[in-house]
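Working notes, structure below.
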């Protein structure tokens, strides 16, 4: 029988659950978020998922809060050397290096600048009900 997880492991597991839950809910809505599917996707039992939240309603509330906090978990890459920072338990650790604590990857910056010139504004800001409309800030 496996031993009890550390607090850090439990936080990491909860973050992994919430990240997947936010991915599902962003495409299918909260009604597409089932305990069984989520458990299978993250490799836990249904009881294992519920052990982090207590109920489906608490999971849904935590998912909404997680998704509202950041869109960072949707990124697949970043322009910093080393790639995307790790998002854990609703936060990203502040780097402790000089300046901002990160070093920019110039090649990635150029690649994403070109992508921006080709694609335009951030796609999450687009309204599918108004094709061709773009918010300008």
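The values are calculated or read from the model by the stated rules, or taken from the named source; none is laboratory data. Fair warning: this is a prediction, and the values are worked out from it, not measured in the lab. Note: ideal-geometry Cβ built from the backbone for every residue, glycine included; neighbour counts use all protein chains shown.
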Practice task
Return the pairs, sorted by first residue and then second, in which the second residue is not in a helix (DSSP H, G or I), the first residue lies in region 48-66 and is surrounded by 13 or more Cβ atoms within 10 Å (Cβ to Cβ), the beta carbons are less than 7 Å apart, and the residues are 6+ apart or on different chains.
Solution key: 60/33; 63/33; 66/90
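So that you can scan it fast, the table gives a plain yes or no per residue for (1) out of contact with any helix residue (DSSP H, G or I) (no Cβ under 8 Å at 6 or more places or on another chain); (2) over 15 Å from residue 91 (Cα atoms):
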site	(1), (2)
8	yes, no
14	no, no
27	yes, yes
30	no, yes
33	no, yes
41	no, yes
47	yes, yes
53	no, yes
67	no, no
Fill in the blank from the handout: When (1) over 25 Å from residue 5 (Cα atoms); (2) at pLDDT 90 or above are applied to residue 121, the one that fails is (2)
Exercise for the section: With respect to residue 88, determine if the residue is touching a residue at least 60 places away in the same chain (Cβ under 8 Å) and under 18 Å from the mean Cα position of the chain (by Cα). Expected result: yes
